[in-house]
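**Q** My questions all concern the structure below.
The values are calculated or read from the model by the stated rules, or taken from the named source; none is laboratory data. Computed from a predicted structure; not experimentally measured. Cβ placement follows ideal geometry from the backbone for every residue including glycine, while neighbour counts extend to all protein chains displayed.
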């Protein structure tokens with residue numbers, strides 16, 4: 001039974017991170033309940049680890065990573081580089097991932113963000129604009145020249161790339 005609880009708890013992270021990325025892609029918004037769900041899922045995952053005797057080592061590093069990411073995200077939000085939902089998703093992802101997976105998270109998120117920016121520049125070019133406008137409304141909005149970048153997509157890619165190596169995942173892995 002404990003393995004079932006551990007597995008279910010570990011599914012919270014990828015499910016909510018993917019949902020956050022998809023929401024950002026189609027609406028340029030990440031609902032607050034996704035970040036709050038990630039926070040609650042983290043507490044549940046730690047509790048499941050404690051209950052099974054496999055609590056992750058370095059829990060303080062997870063908390064520090066989350067707090068540092070929240071501060072960095074708040075600064076980027078204040079500078080209008082990212083949206084508030086992006087900052088909260090970034091912080092919740094860092095909380096789950098902790099150290100040393102944080103390095104992978106940051107690197108892959110930056111690379112995915114660059115690739116996303118290049119792709120959006122292409123979509124927003126004059127040659128592709130007519131094709132983009134013939135697609136669904138959310139896709140046409142991605143092609144708007146003055147529209148922002150749904151950076152939650154890059155955060156999602158970075159989080160999913162780092163998740164298999166995070167201490168919490170290793171501690172709760174039922175197999």
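**Q** Can you confirm whether the stretch 1-12 contains a residue that is at pLDDT 75 or above and either touching a strand residue (DSSP E or B) at 6+ places or on another chain (Cβ under 8 Å) or closer than 25 Å to residue 117 by Cβ (or both)?
**A** The answer is no, given that none of the residues of the stretch 1-12 is at pLDDT 75 or above and either touching a strand residue (DSSP E or B) at 6+ places or on another chain (Cβ under 8 Å) or closer than 25 Å to residue 117 by Cβ (or both).
**Q** Just for helices (runs of 4 or more DSSP H) wholly inside the stretch 60-175: which have at least 2 residues that are buried (at least 17 other Cβ atoms within 10 Å of the Cβ) and under 13 Å from the mean Cα position of the chain (by Cα)?
**A** Because the criterion is at least 2 residues that are buried (at least 17 other Cβ atoms within 10 Å of the Cβ) and under 13 Å from the mean Cα position of the chain (by Cα), the helices (runs of 4 or more DSSP H) in the stretch 60-175 that meet it are 84-123, 152-162.
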